[in-house]
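The values are calculated or read from the model by the stated rules, or taken from the named source; none is laboratory data. This is a predicted model, so every value here is computed, not measured. Here Cβ is always computed from backbone atoms with ideal geometry, including for glycine, and neighbour counts include all displayed protein chains.
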Amino acid sequence: MEPMVVAGIGPGASDYLTPAVVQAVARAEVLVGGRRALALFPDIAARRVLIDRDLEGLVRELRRVRERRVVVLCSGDPGLFGLLAFLRRHFAGEELRVLPGISAVQLAFARAALPWHDARIFSLHGREAGDTLRQIAACHKAAVLGEPRYPPARLGEELSAAGCGPRRVFLGFDLGGEGERCGQGGMEVLAAEPEGGNYVAVIWRE
């Protein structure tokens, strides 16, 4: 039995798919992913399984089809605030073959022309942000994966309240997609965005 492939599809644009992921998907008998991920591969004849909020149901389905060639599509990189952590609670490492993808964090640092080996990475998705905000405020360099519940302006306000002094900011929406929008400057870059969808903010001291 082949390992189940957990494939990072990057930001969701075909330009950022790695050849290894494309090859794995071409061999798949069962293709698992969200709507946007599955839409990247309209010509693949594999059976499609949509990932929704019922993750326990997903595990049952994955166990049911384990004898087939299964590819699970994950946005960004599976190991960076992705589905891999959940899957490792239900499947052993040797049952999985992980193919990395280009994360929105990587793209954000690339757009800002900044190295990121010295950065800390945080996610606000589905989390209470109190302690996280204090950690971000104390960082020399941080990347923050944000969501509509925490629009950039709110992030900026709460960072200031947590003791964050002047910083440089890169802010990117829909990185790698057709609607990509970026801005760079001081903390006012966050304040200028009172609403928004998913985004990446890179915040650093000069």
Requested in this report: With the condition kept exactly as written, say whether any residue in region 131-149 is surrounded by fewer than 16 Cβ atoms within 10 Å (Cβ to Cβ) and either in contact with a Lys or Arg (Cβ under 8 Å, 6 or more places away or on another chain) or outside the structural domain of Val200 (by TED's automatic domain parsing) (or both).
Outcome: yes
Query raised in the report: Under 6 Å by Cβ, and 6 or more places apart or on different chains, what pairs join a residue from region 64-90 that is surrounded by fewer than 22 Cβ atoms within 10 Å (Cβ to Cβ) with one that is modelled with pLDDT of 95 or more and among the basic types (Lys, Arg)?
Result: Arg69/Arg27
Query - Neighbours by Cβ (under 7 Å, 6+ apart or cross-chain): first from region 41-53, surrounded by 10 or more Cβ atoms within 10 Å (Cβ to Cβ); second assigned to a loop (DSSP other than H, G, I, E, B) and of a type outside the set (A, V, I, L, M, F, W, C) - result: Ala46/Glu29; Arg47/Glu29; Ile51/Gly34
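In this structure, does Phe122 turn out to be in a helix (DSSP H, G or I) and either more than 28 Å from Val59 (Cβ to Cβ) or touching a residue at least 12 places away in the same chain (Cβ under 8 Å) (or both)? Give the steps one after another, and end with the answer.
Details: in a helix (DSSP H, G or I): no; either more than 28 Å from Val59 (Cβ to Cβ) or touching a residue at least 12 places away in the same chain (Cβ under 8 Å) (or both): yes.
When the stated conditions are applied, Phe122 does not pass them.
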Report summary line: Note on region 184-202: residues acidic (Asp, Glu) and crowded, with 18+ Cβ neighbours inside 10 Å are Glu193
Report summary line: In region 1-24, residues that are of a type outside the set (A, V, I, L, M), assigned to a helix (DSSP H, G or I) and modelled with pLDDT of 95 or more total 2
Report summary line: Scanning region 138-168 residue by residue, the ones that are more than 19 Å from the chain's Cα centre (by Cα) and aliphatic (A, V, I, L, M) total 5
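Within region 25-40, restricting attention to residues that are in a helix (DSSP H, G or I) and touching a residue at least 40 places away in the same chain (Cβ under 8 Å), which residue is surrounded by the most Cβ atoms within 10 Å (Cβ to Cβ)?
Among those residues, the one meeting the criterion is Val25.
Here is a list: Arg205, Arg167, Arg181. Which entry is buried (at least 16 other Cβ atoms within 10 Å of the Cβ), of a type in the set (D, E, K, R), at pLDDT 90 or above and more than 18 Å from Gly82 (Cβ to Cβ)? Break it down stepwise before answering.
Values: Arg205 fails: buried (at least 16 other Cβ atoms within 10 Å of the Cβ); Arg181 fails: buried (at least 16 other Cβ atoms within 10 Å of the Cβ).
The unique qualifying residue is Arg167.
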Report summary line: Among (1) of a type in the set (Lys, Arg); (2) under 22 Å from Arg36 (Cβ atoms); (3) at pLDDT 90 or above; (4) loosely packed, with under 14 Cβ neighbours inside 10 Å, Arg111 falls short only on (4)
**Report entry** Members of region 179-206 found to be in contact (Cβ under 8 Å) with a residue 12 or more places away in the chain and part of a loop (DSSP other than H, G, I, E, B), listed by number
**Finding:** Gly186, Met187, Ala192, Glu193, Pro194, Glu195, Gly196, Gly197, Asn198, Arg205, Glu206
